[in-house]
Each structure stands twice: as C-alpha cells, then as structure tokens.
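The structure appears right after this line, and notes come after that.
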Amino acid sequence: MAERARVSSAHISPSAHYTGYVWYRHQLADPAFATDLGRWIHGVLRPVTWGARVGFGIDLENLLLQRHLLIDARLTQAIEQAGVCQVVEIACGLSPRGRRFTARYPSLRYIEADLPVMAARKRLLLQSQGWLSQNHQVKAVDILAGDGRDTLANLFAGLDHSLPILVITEGLVNYFELPVIEAFWARLATQLQAFPQATYLTDLYPNLQEHPRYRQLRWGVELVGRLTRGSYPLHYRNAEEIVAGFTRCGFSATAVLDPDQHAQALGLPTPRLPGLVRVIEARCQGLTAAQ
Ligand SMILES: C[S@@+](CC[C@H](N)C(=O)[O-])C[C@H]1O[C@@H](n2cnc3c(N)ncnc32)[C@H](O)[C@@H]1O
C-alpha cells in the first residue's frame with residue numbers, strides 16, 4: 001500500500017537527456033551519452049537559451065558547466081587528498097562522471113543510481129560500451145522511498161562501512177519542495193553517519209532575491225517547472241540559511257561554494273553577473289569516529 005501511495009518524480013527524468021547532451025557538447029562525454037531526445041530538447045530550447053544569454057546575460061550552459069566542473073574538482077580533491085575510495089552518485093541520469101572518474105581512477109568504487117527506468121537505461125548504455133565492472137555499477141534508487149526495494153538504506157547496504165564515502169547529487173534537489181528535500185537530506189545524513197568519513201556534494205539554486213536578474217530568474221525557473229511538468233522551487237536565501245538547513249538535517253559541517261570564485265581554475269569565463277548556482281559540500285561525522 002505504502003508503495004502505491006508514494007509520490008512519483010519520474011516526470012523529471014527527461015531533463016537528464018538535456019543535461020547529458022550538454023555534457024557531450026562540451027566534450028565532457030563520449031557520443032554514447034548523447035541521445036536523440038537530448039539533441040531534440042536542446043534544439044527546441046535554443047531560442048530561449050539564446051534570448052536569456054543575449055537579453056539578460058544568463059548563460060544556461062555556462063551555469064550547468066559551473067556546477068558540473070566544480071563538483072568534479074571537489075571530487076578529484078576528495079579522491080586524491082582525502083582518501084575517498086567509494087562514490088555514490090544519486091540521480092546520475094546520463095551524466096558521464098562515473099565513466100570519466102572510473103577511467104581515471106581504476107580502483108575507485110563508483111555506484112551510479114537513479115529511478116529504476118533511468119537506472120536500467122544507464123546500465124544498458126554503460127554495458128553496451130563495456131564500461132561496467134565490479135567497481136562501476138548502476139543501481140535503482142528513489143530518494144522519496146520510505147520502504148521497498150529502492151530505498152537509500154538498500155543502496156548503501158552493499159558499501160564498505162569502514163571506508164570514507166562521497167555522495168553526489170546534481171540537478172536534483174530543486175525539483176522538490178524544501179520539506180521533501182530536507183527529509184531526503186536527513187535520511188541521507190543518517191546513512192552517512194555509519195561511515196568513518198562522509199562528504200555530500202550537491203548543486204543548489206538559492207532564492208537570491210537581491211540578484212539583478214531576479215525577475216528573469218523567476219521566469220526561467222517557472223519555465224523549467226513547466227517543461228518538467230512539476231515545479232522548481234529555489235531553496236534558502238543565503239549561505240547562512242543553507243548552513244542552518246544542512247545542520248538541521250544532521251550534517252556536522254557545511255561549506256557553500258560559489259562557482260564564480262573558481263571560474264579561472266575551472267577554465268570558465270569570468271561571469272558578468274553574480275552567479276545563480278552554489279555547490280554545497282556537507283560533511284557528516286561518523287558515529288564511530290565521534291566516539
Ligand atoms: C536534471 S536530471 C540530472 C541528471 C544528472 N545528474 C546530470 O546532472 O546530468 C535529474 C535526474 O534526477 C532523477 N530523479 C528524479 N527523481 C528522482 C528520485 N526520486 N530518486 C532518484 N533520482 C531521481 C531523474 O531520473 C534524472 O535522471
């Protein structure tokens with residue numbers, strides 16, 4: 001019964017084709033990750049993204065690259081300097097990150113996870129290219145599931161709880177109202193506390209009311225909501241509110257990173273307007289480590 005009553009967020013999945021195509025266009029992904037649907041959505045949206053760039057100085061693809069490359073950079077740092085050897089990327093969609101990082105670090109354990117239909121598609125994609133292995137797998141998860149096969153608890157059950165872990169979500173959290181996504185973060189923090197060291201990386205679009213393009217931003221998020229047949233709420237008004245929110249959810253330390261401040265290191269143009277996206281790096285102190 002509980003299974004049947006669960007809210008579905010499957011309407012969000014087509015957006016993964018669009019972002020997958022963007023990663024491919026910017027040489028971050030092999031051609032196998034680019035789908036016809038992604039190419040089609042990209043073509044349909046071109047006049048809108050052109051208008052936003054030329055008219056308002058909002059460059060959607062640059063915004064996506066900012067979050068993607070900053071998450072990559074923090075992940076690289078965690079692997080090379082903090083001993084992270086297992087990664088779980090939730091809502092992986094058609095992102096090539098798992099492929100890129102397992103190719104670069106062959107001993108890294110990388111679990112990609114998404115809703116069952118998207119997970120099956122990703123598994124097939126990776127399998128067809130010979131990219132799956134014992135260390136690189138795709139699993140089904142539903143971040144809204146309180147019970148059943150696709151819970152977070154099941155996803156984390158197969159991992160090594162004596163080793164550090166890093167979890168990523170990208171392009172996911174703003175599709176949900178704040179109480180829903182905070183409930184997910186609280187469940188995630190509970191899972192992460194069972195590891196000696198745990199880091200969570202996510203992008204987040206805050207409600208920056210003082211931003212010079214706030215009106216256009218509201219219009220843009222309304223459009224994203226309509227296109228994905230849902231809504232796209234902006235969460236928290238500033239870094240202090242973000243840190244307080246993550247602390248409430250059970251994270252012990254939270255850094256709010258502004259990709260604008262890393263533009264040069266990421267090889268991206270210096271932005272003309274203040275940025276709209278943040279990357280959150282939240283840590284959990286393992287209960288065993290705390291004793
Ligand atoms: C915008 S796409 C982002 C994909 C990828 N992370 C990227 O940045 O290219 C959103 C992803 O969230 C996934 N998703 C939506 N609802 C979900 C849920 N309840 N649990 C897990 N994943 C979900 C979708 O299937 C889709 O792959």
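The values are calculated or read from the model by the stated rules, or taken from the named source; none is laboratory data. Computed from a predicted model, the values in this text were never measured in an experiment. For neighbour counting, all protein chains shown are included, and Cβ atoms are generated from backbone atoms with ideal geometry for every residue, glycine included.
Some notes on this structure:
- Among helices (runs of 4 or more DSSP H) entirely within region 141-241, having at least 1 residues that are at pLDDT 95 or above and within 11 Å of the ligand (Cβ to nearest atom) singles out 152-157, 178-192.
- Scanning region 126-153 for residues that are in contact with a helix residue (DSSP H, G or I) (Cβ under 6 Å, 6 or more places away or on another chain) and over 18 Å from THR169 (Cβ atoms) yields a count of 6.
- Out of ALA16, ALA91, sole residue that is within 15 Å of the ligand (Cβ to nearest atom) and at positive phi: ALA91
- Every pair of residues 6+ apart whose Cβ atoms lie under 8 Å, when the first sits in region 43-64 and is among the β-branched types (Val, Ile, Thr) while the second is surrounded by 12 or more Cβ atoms within 10 Å (Cβ to Cβ) and in a helix (DSSP H, G or I): VAL48/LEU223; THR49/LEU60; THR49/GLU61; ILE58/ALA52; ILE58/GLN216; ILE58/LEU217; ILE58/GLY220
- Qualifying residue in region 42-57 (condition: more than 21 Å from GLN197 (Cα to Cα), within 12 Å of the ligand (Cβ to nearest atom) and not in a helix (DSSP H, G or I)): no
- Residue check for ILE79: within 14 Å of the ligand (Cβ to nearest atom) and either among the β-branched types (Val, Ile, Thr) or more than 17 Å from ALA16 (Cα to Cα) (or both): no
- Any hit, region 23-35, residues being surrounded by 15 or more Cβ atoms within 10 Å (Cβ to Cβ), near the ligand (Cβ under 8 Å from one of its atoms) and either under 18 Å from GLY171 (Cβ atoms) or not hydrophobic (A, V, I, L, M, F, W, C) (or both): yes
- For beta carbons closer than 9 Å, sequence separation of 6+ or different chains, a first residue in region 107-123 that is free of Cβ contacts under 8 Å to residues at least 40 places away in the same chain and closer than 10 Å to CYS92 by Cβ and a second that is of a type in the set (S, T, N, Q) and within 8 Å of the ligand (Cβ to nearest atom), the qualifying pairs are GLU112/SER95; LYS122/SER95.
- With respect to (1) touching a residue at least 24 places away in the same chain (Cβ under 8 Å); (2) surrounded by fewer than 22 Cβ atoms within 10 Å (Cβ to Cβ); (3) not polar (S, T, N, Q), the lone exception for ILE90 is condition (2).
- Failed condition for GLN127, given (1) within 25 Å of THR254 (Cβ to Cβ); (2) of a type outside the set (Ser, Thr, Tyr); (3) not in a loop (DSSP other than H, G, I, E, B): (1)
- Applying the condition of being more than 14 Å from the ligand (Cβ to nearest atom) and touching a residue at least 12 places away in the same chain (Cβ under 8 Å) to region 127-140 and asking which residue is surrounded by the fewest Cβ atoms within 10 Å (Cβ to Cβ) yields SER128.
- GLY43 vs. criteria surrounded by fewer than 16 Cβ atoms within 10 Å (Cβ to Cβ) and farther than 21 Å from LEU188 by Cβ: yes
- Of all residues making up region 192-233, the number that are closer than 22 Å to ILE12 by Cα, in contact with a Lys or Arg (Cβ under 8 Å, 6 or more places away or on another chain) and not aromatic (Phe, Trp, Tyr): 5
- Selection count where residues are buried (at least 20 other Cβ atoms within 10 Å of the Cβ), over 17 Å from the mean Cα position of the chain (by Cα) and part of a loop (DSSP other than H, G, I, E, B), scope region 247-282: 1
- The lone criterion from (1) assigned to a helix (DSSP H, G or I); (2) under 25 Å from HIS42 (Cβ atoms) left unmet by ALA244 is number (2).
- Test: residue in region 103-117 that is within 13 Å of the ligand (Cβ to nearest atom) and surrounded by fewer than 20 Cβ atoms within 10 Å (Cβ to Cβ): yes
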